[in-house]
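Data block below; observations after.
The values are calculated or read from the model by the stated rules, or taken from the named source; none is laboratory data. Keep in mind that what you see is a predicted model, and the values were worked out from it rather than measured. Reconstructed Cβ throughout: ideal geometry from the backbone, glycine too, with neighbour counts over all protein chains shown. Just the protein is used for accessible areas: all its heavy atoms, side chains included, with ligands, DNA and RNA removed. Shrake-Rupley method; radii C 1.70, N 1.55, O 1.52, S 1.80 Å.
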Amino acid sequence: MTKLPKPPPDIATLTKPKAKIELMRLRLSIEGHDKAYYQDDAPKISDADYDALRRRLEAIEQKFPELVSASSPTQTVGAAPARGFAKVQHAVPMLSLGNAFADDEVTEFVERVQRFLKLDDVPAIVAEPKIDGLSLSLRYEHGELVRAATRGDGFTGEDVTANVRTIVDVPNTLKGKHIPAACELRGEVYMLKQDFLALNKRQEEAGETVFANPRNSAAGSLRQKDVEVTRSRPLKFFAYAWGEMSDYPMEEPTQHKMLQWLAHAGFVVNPEITLCHSVEDALAFYRRIGEQRASLPYDIDGVVYKVDRLDYQARLGFVSRSPRWAIAHKFAAEQATTVLEKIDIQVGRTGAMTPVARLQPVTVGGVVVQNATLHNEDYIKELDIHLGDTVVVQRAGDVIPQIVSVVLDKRPAGAEPYHFPHKCPVCGSHAVREEGEAVWRCTGALICPAQAVERLKHFVSRLAFDIDGLGEKQIELFHERGWVQEPADIFTLKSRNAELKLEQLEGYGETSVRNLFAAIDARRTIELHRLIFALGIRHVGEGNAKLLARHYGTRDAFLTAMRAAADAQTEEGNASEAYQDLDNIAGIGDVVAEAVVEFFAEERNIKALNALLDELTEVLPAEQARRDTAVAGKIVVFTGSLSKFTRDEAKATAERLGAKVAGSVSKKTDYVVAGEDAGSKLTKAKDLGVTVLTEDEWLALIGG
Ligand code: IVH
């Protein structure tokens, strides 16, 4: 892989000055990756590559112990806590585990334990799946959860108590007898693979962060500033360890008895955990769980072996950052190389366009992979992916295969970089990528088959057409049968019924069909704001729909202005008067204005809208503004700090009197009402010769 630097020099021949330089480089690199992993939840390299970096650092430090500094990653754990959450000092540090990759290393671990304890026989060992999530420490006082903290750097973590209280698997109160006065119970927060996939799908469609794997999505979900966001994420928790215990809830405590106690106290303990009595038993567990790995509902990245007796654990103690009584037996990284044949675009139910790599089939960790997600345009650019490239595929966290890098050496001559399409592959509508967003979206809101069901459900929803007897379920059914593809089809159901025979559907009869048609007919007369809202234009919720309806007043005024803004868009960009007028509506920002224009710039939407309008009898104008006041029809801008009324009051009064309140000054503005410290808007008004009023003058104008 040419992305990797040339092989590092052999440690055996490394001189001390060279070692010093390399240690520094490795430290910086590991620290950077720790930060990416622990703080940003966005690792930049695979776990295997990370482990390789650490191993090399350890090997060099072993050869030159005098070069080990206190700040070396071997002397610290993880990364300092991220900003934003209060810091929590762990009463007992949350350390990490030494790694074993080969069977021999496990044998050596057990032998080391025996030597240390001077035991002839292999001590009982608990083998636990190593859950790939993030560790959490829960402090209970008198059985009540008082604090939850992430690991952070092992000594200081982040206070995530409020967020953790939303996790169903974490009891607020411990159950049963023998509850120690104070205890820190620990384990892993994780997300089920299926929940991660569903979350990512939602995120992708909403244009939000997509997570690389369940671990990152668990970490990202836990560390939300808004507790409600965490609550909406399906986080789970396995208990497997503890920190400070004021006393133990049993005589002669052992790891396996403690796990039983944790289960009795109300925690979820991993059901696979097994007590082993020989190295062979332990390795058999590793192999069995390795085979089950793909079918387990959560991600694991290895097995943890722990000496069962806690008195042995206490005697064994710790060496630097990890216990002598436990070791992690990691699975080999699951990566493979294959050829990227093409990239397809999948269109989600809200129009989000997601690139999917089609690969020459390759087996990664026992599973044949043919598709891999590429997330979005930036991801493809970052990896510099060309069609025909040989790529490294990884089954990240077991579930979604990902492309992690390109093997540049194998790039075929003349391979073209991939250009993200600016057209929806499903309906042909043009696509847009909003500023600050990673996602391209299809603008064919009304007609794109990929979006149809969602759009139709929205169309009939309560704040839109609100048709009695036509809810989400019916829409799904009618769409599945091919009866309703776009809004107009709802209104032609009746005339097509000789052929469709709705009354023959299960659950329908003559009466319910008659009622449904009557309800549909009743909606042939609709208020303008409901119509606008029903179109499902991005960013146009009920509030914005009302603003637009009020501003333009009638169906025709609205449609004419929108067509004008959209038509002018190609030639004049956003400089047209129609666009400026739209953008000037108080409460309508650039993002909304652009989304509206994109909708009307799509011919397919116009066609569908016209078909719908043909079916409607009347679009009721917005609440008629009063026409008999001094400011009716005038465009007013309020600026500066107002002392006689609040900005909202001023706006409401002006609108009640038939004025339009705009957010910025243009040559169409009639009045600028300037309070104290008015700035650029006042200057602009003066430049354009717009009438400027004081608050009192305004009050006088509108009659107090
Ligand atoms: S025991 C003192 N048991 O692995 C060691 N850790 O590399 C306490 N992990 O930070 C950890 N499953 O996040 C332990 N069954 C398990 C585990 C487990 C996952 C994670 C945990 C820890 C990391 C250590």
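Odds and ends about this structure:
- One residue from Leu609, Leu613 being open to solvent by less than 40 Å² (accessible area, probe 1.4 Å) and over 18 Å from Cys448 (Cβ atoms): Leu613
- Qualifying residue in region 4-25 (condition: at pLDDT 85 or above, open to solvent by 80 Å² or more (accessible area, probe 1.4 Å) and closer than 30 Å to Asn213 by Cα): no
- On the stretch given as region 268-278, residues that are away from the ligand (no atom under 13 Å from the Cβ) and either in a loop (DSSP other than H, G, I, E, B) or open to solvent by 20 Å² or more (accessible area, probe 1.4 Å) (or both) total 3.
- Test: residue in region 608-631 that is under 22 Å from Gly589 (Cβ atoms) and assigned to a helix (DSSP H, G or I): no
- Checked against the criterion of being among the small types (Gly, Ala, Ser) and within 30 Å of Gly428 (Cβ to Cβ), region 321-331 has no qualifying residue.
- The C-beta contact set for region 369-388 (first residue among the β-branched types (Val, Ile, Thr), second residue assigned to a loop (DSSP other than H, G, I, E, B), distance under 9 angstrom, 6+ apart or interchain) comprises Thr373/Val210; Ile380/Leu374; Ile380/Tyr418; Ile380/Phe420; Ile385/Leu374; Ile385/Tyr418.
- The residues of region 584-601 that are touching a residue at least 60 places away in the same chain (Cβ under 8 Å), in a helix (DSSP H, G or I) and of a type outside the set (A, V, I, L, M, F, W, C), listed by number, are Glu594, Glu598.
- Pairs, first free of Cβ contacts under 8 Å to residues at least 24 places away in the same chain and on the phi > 0 side of the Ramachandran plot in region 437-466, second crowded, with 24+ Cβ neighbours inside 10 Å and assigned to a loop (DSSP other than H, G, I, E, B), C-beta under 8 Å, six or more apart: none
- Criterion: surrounded by fewer than 19 Cβ atoms within 10 Å (Cβ to Cβ), free of Cβ contacts under 8 Å to residues at least 60 places away in the same chain and among the aliphatic types (A, V, I, L, M) - qualifying residue of Ala519, Ala545, Ala561: Ala519
- In region 297-337, the residues that are away from the ligand (no atom under 11 Å from the Cβ), open to solvent by 10 Å² or more (accessible area, probe 1.4 Å) and part of a strand (DSSP E or B): Arg309, Val319, Gln335, Ala336, Thr337
- Residue match in region 223-232 (condition: away from the ligand (no atom under 15 Å from the Cβ), buried (at least 23 other Cβ atoms within 10 Å of the Cβ), not polar (S, T, N, Q) and not in a strand (DSSP E or B)): no
- One residue stands out in region 616-635 among those that are modelled with pLDDT of 85 or more and over 16 Å from Arg550 (Cβ atoms): the one that is surrounded by the most Cβ atoms within 10 Å (Cβ to Cβ), namely Leu616.
- Matching entry among Lys201, Lys177 (being on the phi < 0 side of the Ramachandran plot, at pLDDT below 95, among the basic types (Lys, Arg) and over 25 Å from the mean Cα position of the chain (by Cα)): Lys177
- Scanning region 522-542 for residues that are open to solvent by 50 Å² or more (accessible area, probe 1.4 Å) and in a helix (DSSP H, G or I) yields Ala522, Glu542.
- Enumerated strands (runs of 3 or more DSSP E) restricted to region 641-698, each holding at least 3 residues that are surrounded by 18 or more Cβ atoms within 10 Å (Cβ to Cβ): 660-662, 671-674
- Screening region 109-125 for residues that are free of Cβ contacts under 8 Å to residues at least 12 places away in the same chain and of a type outside the set (S, T, N, Q) and picking the one that is least open to solvent (accessible area, probe 1.4 Å) gives Leu119.
- So Ser643, is it over 22 Å from Ile526 (Cβ atoms), at pLDDT below 90, hydroxyl-bearing (Ser, Thr, Tyr) and touching a strand residue (DSSP E or B) at 6+ places or on another chain (Cβ under 8 Å): yes
- Comparison of Arg321, Arg349, Arg315 shows that the only residue that is of a type in the set (Lys, Arg) and closer than 17 Å to Leu197 by Cα is Arg349.
- His458 meets the conditions (1) in a loop (DSSP other than H, G, I, E, B); (2) closer than 30 Å to His539 by Cα in every case but one. The failed one is (1).
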